[in-house]
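Beneath this line is the structure, given in structure tokens, with notes to follow.
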Amino acid sequence: MELLFRSVFRQLRQEINSVFDSELSTNAFMILRMLRNEGPQKSTDISKHLQVSASHITALTDLLLSKGYVERKKSEADRRIVEIVITEKGHAIFEEIEAKKRAYFFERFNDFTNEEIQIMNTLFQKIDRSAERQSN
């Protein structure tokens, strides 16, 4: 079971990474998703959400900033706080990659029935909850 699990996830990870076309890493994309869905964020909040180091978030934010996908702005609530904000260009690249991901998943799992997909989702949710409990 372990070998099969590793093999499937390795293959899926490679395929999903190819969807990003070297434009963005998975974590950079996740930052854009968080900013798009939840609005401006502090780097520390992004770091906690993605469970990666603050220095990694700084490097990713710098990359996204250099590509024009995000901006750093002072918080309107507290001018001492700097927030990361997604730009229109960031929204556009997010939507482009999201569409590619949807197309990938649709094609990849096209041979599965709706019932099989629901079962797979249920199992992944169970694995995720179990992993969260074990990490706490």
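Where a number appears in this text, it was derived from the coordinates with a stated rule and is not lab data. This one's a predicted model, so the numbers in the text were calculated from it and none came from an experiment. We place every Cβ from the backbone using ideal geometry, glycine too, and count neighbours over all the protein chains shown.
Some values worked out for this structure:
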item	result
³J(HN,Hα), Karplus 6.51/-1.76/1.60, whole Hz, each residue of segment 42-49, x for Gly, Pro	7, 4, 5, 5, 5, 4, 5, 5
Members of 74/101; 100/126; 42/89 lying beyond 29 Å, as alpha-carbon distances in this model show	74/101
Å³ per residue enclosed by the Cα convex hull of the chain	148 Å³
Charge sum, other residues only, whose C-beta stays under 15 Å from residue 71's C-beta, Lys/Arg counted +1 and Asp/Glu -1	+3
Amide H contacts under 5 Å for residue 70, placed H, 5+ residues apart	65, 87
From phi via Karplus (6.51, -1.76, 1.60), per-residue ³J(HN,Hα) for segment 129-135 in Hz, x at Gly/Pro	4, 5, 5, 5, 4, 5, 7
Positive-end residue, the chain charge dipole about Cα centroid, Cβ charges, pick of 17, 54, 87	54
